[in-house]
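The values are calculated or read from the model by the stated rules, or taken from the named source; none is laboratory data. The structure presented is a predicted model; accordingly, all values stated were derived computationally and were not measured. Don't worry about glycine lacking a Cβ; one is built from the backbone with ideal geometry, like all the others, and counts go over all protein chains shown.
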Amino acid sequence: MPELPEVENVRKGLNEIVVGETIDKVEVRWPRIIESPEQNVFSKRLMGQTIEDVRRRGKFLLFYFTDDVLISHLRMEGKYQLMVPEKDGRLPRRSKHMHIIFHLKSGRKLVYHDVRKFGRMSLVEKGSEFEHKSLEKLGPEPTKDAFKLEDMQEFLTRRKKAIKGVLLDQQMIVGLGNIYADEVLFLAKVHPVTPANRLTDAEEIRIHEATIQIMGNAIKSGGTTIRTYQNAFGDEGSYQNHLKVYGKDGEACPNCGNEIEKIKVAGRGTHYCPVCQPLKG
Ligand SMILES: [Zn+2]
């Protein structure tokens, strides 16, 4: 599942290749991917609009068109691909997983693939994008400028659930998924089941710093490539080489050599070191 650093990698790639392209027509082959408006309206409104910029908010891609913004959530397996005609003018073969095809005036096609069909798109008027239900409640981006320690502490004092679950909840901070939440708690030396409102000041400061550090490094590395997830253009992220606990159950902790364990927290497989991240009484 692409997390924030992987979506950011996709965004950069898209920005380099589709800005300035104008939509000729849109072919919707799996209507359920279009959440709103109704698919015919979606296709009609996009005709003739030019892509001006591709931005990101949390794990959502935002395509800024002339008049509208396309909000795209890749969910589990969604990906974009640009199809460029070969020398003889023909396009590469289509696959059954190509669900939305944006035919561009240049003759190229921007194709949305989604093996599991969980991804969703909405088209909204420019200026109203942050009022959309998928974006309005999102917390700050995990950067030094946006993510403030005091805001995080205030949020945590009102939550009794396990810190791991709070990190996954996109209201306190956006973009942390299962991989990075485990890595943040390992670096911060906090047990994943610790109730959020029982963290000490020192632990909160460590979580805050670890979040900014890990997310910054993961973005710089182009994200984490595990199993089949690649960005739109086949570039692989390299953060998988920096993971310390995620997916390492049964292996030695890089700090203390003790065995890394895997438990379930907030319904998610959670990796941690019981020695470096002890549970307080
Ligand atoms: Zn350890």
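Of the helices (runs of 4 or more DSSP H) lying entirely inside the stretch 93-204, those containing at least 3 residues that are under 21 Å from residue 59 (Cα atoms) and among the aliphatic types (A, V, I, L, M) are 163-168, 178-188. Scanning the stretch 2-21 for residues that are crowded, with 16+ Cβ neighbours inside 10 Å and either assigned to a loop (DSSP other than H, G, I, E, B) or in contact with a Phe, Trp or Tyr (Cβ under 9 Å, 6 or more places away or on another chain) (or both) turns up 2, 3, 4, 5, 6, 7, 10, 13, 14, 17, 18, 21.
Of the residues making up the stretch 91-125, just one is of a type in the set (Lys, Arg), modelled with pLDDT of 95 or more and surrounded by fewer than 13 Cβ atoms within 10 Å (Cβ to Cβ), namely 105.
Annotation: of all residues in the stretch 81-92 being over 18 Å from the mean Cα position of the chain (by Cα) and in a strand (DSSP E or B), the one that is nearest to residue 171 (Cα to Cα) is 82. When restricted to residues that are outside any strand (DSSP E or B), among the basic types (Lys, Arg) and buried (at least 20 other Cβ atoms within 10 Å of the Cβ), the stretch 39-80 contains 1.
Residues of the stretch 256-271 that are within 11 Å of the ligand (Cβ to nearest atom) and out of contact with any Lys or Arg (no Cβ under 8 Å at 6 or more places or on another chain): 256, 257, 258, 259, 261. Remark: residue 160 matches the filter, which requires a residue to be free of Cβ contacts under 8 Å to residues at least 40 places away in the same chain and outside the structural domain of residue 20 (by TED's automatic domain parsing).
Just to verify a result, which residue in the stretch 238-281, among those that are assigned to a loop (DSSP other than H, G, I, E, B), closer than 14 Å to residue 178 by Cβ and among the small types (Gly, Ala, Ser), is modelled with the lowest pLDDT? Top of the filtered list is 266.
Yes/no matrix, rows are residues, columns are (1) closer than 19 Å to residue 99 by Cβ; (2) in contact with a Ser or Thr (Cβ under 7 Å, 6 or more places away or on another chain); (3) at pLDDT 95 or above:
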{"residue": "10", "(1), (2), (3)": "yes, no, no"}
{"residue": "17", "(1), (2), (3)": "no, no, no"}
{"residue": "35", "(1), (2), (3)": "yes, yes, yes"}
{"residue": "47", "(1), (2), (3)": "yes, no, yes"}
